[in-house]
Amino acid sequence: MVKYEFLKIVRKKSTLIILAVSLILTSFLFGLPIMQYQTYSEDGAIKGKEGIAFSKKQFADLSVPLTEEYITEIIQEVQQLFENPDNIGYDGNEQFLIGDAYWNGIAPREKLLNMVAKTYDSPNENSGYQKLASLNGNGHADFYQALSAKMKTLLNMPERALSEEQKGFWSRLADKVAVPLQYGYYEGWEIIMSSLELLMIAILSVCVVIAPIFSGEYQAGTDAVILSAKYGKTKLISAKIIASFLFGTLAFTLHVVVACGLPLAAFGIDGWNLPIQIANTMVPYPFTFLQAALLSIFIIYLILFAMISLTLFLSSKMKTPYLVLLVLVPVLFLPMFLTPNGTTGAYNLMLFLLPYRAAMPEIGKFISYQFGSLVLDAFSVRAILYVVLAAVLLPFARRGFQKHQVL
């Protein structure tokens, strides 16, 4: 029965059209950063494959552990460049390096220098590599001491309104990050991590395909035949549910392969084993890029399963698939138009759990939920929520079709 119901889903022309459109959209959206990619040399912009190759070549000498000695050395090199007045330009607001001093001393490692400089910035400051010129030249970078101090400052900011238990939770988690950080090239993984919410298109396409699983029978008038059959209220319903989850998992996995495969094919898998802190030193999770990506995708799979369960429940209750979609589309995409005004408070904490926002890793925002003395991060609460939603909705979906009154 499962095989029959599965084939019934995949053999529909509408299924193939929806999946084709969804895959094209996913390919376009995850391929857009590749098509638009450009970097700069002294001769101008370098785009596409040439730009990617040029950028990777610049990183070849930057795959190093960020020890205190190394960071001290690069800070001193920047400061020496600023000591020569001929190297300095001024736009009325700030000084910056120009000419060979910039293109040879800064440009090849500007991303690294900006990351280091941001660690010394105050929480609401983003001064770029120029910050390094103003640091106290005492011969020691004290980089990890500055990182720890800034983390503490962020956690104690009044606007974050974190409890002592929450501050302790994030501090203990951040202490697990291994130092010194290993630096290197990670462009492909950065694109994946910043684009995961776009997989909501794939979830929508799955829900559109399975929306008629029960309501389609009502619409076609076959519900009377099915429900009066020997296994119509038992095995057949189970087969429909299993087939829906099987199709949803396979179709979504295909989208994930495309979404992750395109950036990694273009930029390479370099950086999978590097700590995610090299993109943002204030991330408290002790993850590599690969670990962060896998955890984030795992959460999106749980969202998928919950949305399939919701679709099945709505399908069992509504007369047509169109009514099902009328409910599902706002549930999936309404959070896209809602903006959090912080990371605490009922509104913000609820918003971070809604499907579209829950698909965004947001791993540098210290989003936590406290239940008495228990503190859980957003990943944990999202996982629990969507597992519970799926588990609760499925029995109601089954019962909804079993109890359907044939007219």
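The values are calculated or read from the model by the stated rules, or taken from the named source; none is laboratory data. Everything numeric here is computed off the predicted structure, so don't read it as measured data. A quick note on method: Cβ atoms are made from the backbone with ideal geometry, for glycine too, and the neighbour counts reach across all protein chains shown. Note: accessible area is taken over every heavy atom of the protein model, side chains too, but ligands, DNA and RNA are not part of it. Shrake-Rupley method; radii C 1.70, N 1.55, O 1.52, S 1.80 Å.
For region 74-103, what are the residues that are modelled with pLDDT of 90 or more and under 34 Å from the mean Cα position of the chain (by Cα)?
Once the filter is applied, which keeps residues that are modelled with pLDDT of 90 or more and under 34 Å from the mean Cα position of the chain (by Cα), region 74-103 yields I74, I75, V78, Y102, W103.
Yes/no per residue for (1) among the hydrophobic types (A, V, I, L, M, F, W, C); (2) under 17 Å from V206 (Cβ atoms); (3) out of contact with any strand residue (DSSP E or B) (no Cβ under 7 Å at 6 or more places or on another chain):
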position	(1), (2), (3)
A243	yes, yes, yes
A266	yes, no, yes
T281	no, no, yes
P321	no, yes, yes
F337	yes, no, yes
G345	no, no, yes
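How about region 308-322: which of its residues are open to solvent by less than 50 Å² (accessible area, probe 1.4 Å) and either closer than 20 Å to R357 by Cα or among the charged types (D, E, K, R) (or both)?
Scanning region 308-322 gives I308, S309, L310, T311.
State all residues of region 131-184 that are more than 23 Å from I71 (Cα to Cα), in contact with a strand residue (DSSP E or B) (Cβ under 7 Å, 6 or more places away or on another chain) and open to solvent by 60 Å² or more (accessible area, probe 1.4 Å); if no residue qualifies, say none.
Passing the criteria: only E165.
Among L325, L332, L349, L394, which is the only one that is assigned to a helix (DSSP H, G or I), over 30 Å from A292 (Cα atoms), of a type outside the set (D, E) and open to solvent by less than 50 Å² (accessible area, probe 1.4 Å)?
So the residue among L325, L332, L349, L394 that is assigned to a helix (DSSP H, G or I), over 30 Å from A292 (Cα atoms), of a type outside the set (D, E) and open to solvent by less than 50 Å² (accessible area, probe 1.4 Å) is L325.
So, in region 151-174, exactly how many residues are modelled with pLDDT of 95 or more and either in a loop (DSSP other than H, G, I, E, B) or within 30 Å of I34 (Cα to Cα) (or both)?
0
Applying the selection to region 95-130, what residues are open to solvent by 20 Å² or more (accessible area, probe 1.4 Å), over 21 Å from A60 (Cα atoms) and either among the basic types (K, R) or not in a helix (DSSP H, G or I) (or both)?
Passing the criteria: Q95, F96, I98, K118, S122, P123, N124, E125, N126, S127.
Before we move on, is T39 touching a His at 6+ places or on another chain (Cβ under 8 Å), of a type outside the set (G, A, S) and either closer than 27 Å to N273 by Cβ or touching a residue at least 40 places away in the same chain (Cβ under 8 Å) (or both)?
no
Just checking, how many residues over region 68-118 are aromatic (F, W, Y) and under 25 Å from Q145 (Cβ atoms)?
So the count comes out to 2.
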